[in-house]
Amino acid sequence: MMPHVSRSVFSPVPSPEVRHTLASGGAVVALESTILAHGLPAPQNRAAADELEAAVRANGAVPATVAVLDGVPRVGLSAAELDRVCGGGLDKLSVRDLGVAVGLGRDGATTVAATAALAAAAGVALFATGGLGGVHRGARESWDVSADLAALARTGVLVVCSGVKSILDVAATLEVLETESVPVLGYGTDAFPGFYRRDSGHPVPWRVDSPEQAAAVWRAHRELSPGVGAVLAQPVAVGDELDAALHDRLLAEGLALLADRGITGKDVTPALLEHFHAGSDGASLRTNLALVRANAELAARVAVALT
Ligand code: PSU
Ligand code: MN
């Protein structure tokens, strides 16, 4: 923290490296922390945190993992701070929880929605994650629609992800993104990726085939629709895809488990992820890690193309 600079309690604090890189016009990629704290099991989550940051650096950009620690929103974490994020006990913070966490001095990991809000406020317009939240199956009754979608509609960040999980209603999620005027680009694909699987069964409206094309689209979109996000969706590599039959079994079991245990709200996504990891003997974890790493690499290449 810089005591000589006055700032509102709500403005995120960039790490010194992130601050210097932004000031000199360098490439910065934000990374989400809910995936570390609530999406991946320990101890693989701590190794993943380092791997993702290394993947960003290897492609010429500076990583900035986002989280709230002691009530301070941070963009760019030290190794000790990453230890805390991966050490358990953090709250899961969406955008509506940020004020609460700051006001109560809490530690929390940020979802796609909250990461986007804090990254954009710090001047970082690009971030990488695994999967986007979306419209849940049965949302007609449960009203469970991730705040990620509304956040993208009003936050000027490009999110590099592998689409959304088939645990969601993929068609409805794509419809909401269309309604909210958030462009969706397939990276080297005409199919919207389904996270563990390369093809969700739904087409993408647009396709780009290089970081330079993605950067050109993002630059133009920002000018024409300032303050509106965009999605760059990259499928997991062919060799890292989860077996289709295993995937379908885990999905059916996971959905039944939610109903059995009456799991709702922000616990739905972590409970399903845990079921996939526990039920696939590590296969879903390998897929998950491979696709997030690839997204961190691609985000860095787009960030460099933007400088
Ligand atoms: N999808 C994944 N892995 C994740 C998440 C989504 O494949 O870890 C996390 C992200 O942080 C996302 C959040 O923003 O779940 C969405 O949660 P909810 O559905 O409660 O909005
Ligand atoms: Mn939800």
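The values are calculated or read from the model by the stated rules, or taken from the named source; none is laboratory data. Here the structure is a predicted model, which means the values were calculated and not measured. For neighbour counting, all protein chains shown are included, and Cβ atoms are generated from backbone atoms with ideal geometry for every residue, glycine included.
Data for the structure
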quantity	calculated
Test result for Gly130, in a loop (DSSP other than H, G, I, E, B) and within 11 Å of ligand 1 (Cβ to nearest atom)	yes
Residue tally, condition more than 10 Å from Pro183 (Cα to Cα) and either in contact (Cβ under 8 Å) with a residue 24 or more places away in the chain or among the acidic types (Asp, Glu) (or both), over region 218-239	12
Leading residue by the ranking (nearest to ligand 2 (Cβ to nearest atom)) among those in region 141-176 that are modelled with pLDDT under 95 and in a helix (DSSP H, G or I)	Ser142
Condition met for Leu185 (more than 16 Å from ligand 2 (Cβ to nearest atom), within 23 Å of Glu53 (Cβ to Cβ) and out of contact with any Asp or Glu (no Cβ under 6 Å at 6 or more places or on another chain))	no
Qualifying positions in region 105-121 - in contact (Cβ under 8 Å) with a residue 60 or more places away in the chain and surrounded by fewer than 22 Cβ atoms within 10 Å (Cβ to Cβ)	Ala121
Unmet criterion (only one of (1) within 15 Å of ligand 1 (Cβ to nearest atom); (2) closer than 28 Å to Trp206 by Cβ; (3) of a type in the set (A, V, I, L, M)) for Ala303	(1)
Selection from region 187-196 of residues that are crowded, with 22+ Cβ neighbours inside 10 Å and in a strand (DSSP E or B)	Tyr187, Phe192, Pro193, Gly194
Yes/no for Leu258 being within 13 Å of ligand 1 (Cβ to nearest atom) and touching a His at 6+ places or on another chain (Cβ under 7 Å)	no
Residues of region 265-284 that turn out to be out of contact with any Leu (no Cβ under 7 Å at 6 or more places or on another chain) and either aromatic (Phe, Trp, Tyr) or more than 10 Å from ligand 1 (Cβ to nearest atom) (or both), as a count	4
Which listed residue, of Ala128, Ala101, Ala122, Ala116, is more than 12 Å from ligand 2 (Cβ to nearest atom), in contact with a Leu (Cβ under 8 Å, 6 or more places away or on another chain) and more than 30 Å from Asn59 (Cα to Cα)	Ala101
Leading residue by the ranking (surrounded by the fewest Cβ atoms within 10 Å (Cβ to Cβ)) among those in region 249-293 that are polar (S, T, N, Q) and under 18 Å from Ala37 (Cα atoms)	Ser284
Odd one out for Val124, checked against (1) away from ligand 1 (no atom under 12 Å from the Cβ); (2) under 19 Å from Arg46 (Cα atoms); (3) touching a residue at least 40 places away in the same chain (Cβ under 8 Å); (4) crowded, with 22+ Cβ neighbours inside 10 Å	(2)
Failed condition for Thr129, given (1) free of Cβ contacts under 8 Å to residues at least 40 places away in the same chain; (2) touching a helix residue (DSSP H, G or I) at 6+ places or on another chain (Cβ under 9 Å)	(1)
Residue in region 154-174 that is farther than 18 Å from Gly254 by Cβ, free of Cβ contacts under 8 Å to residues at least 60 places away in the same chain and within 14 Å of ligand 1 (Cβ to nearest atom) present	yes
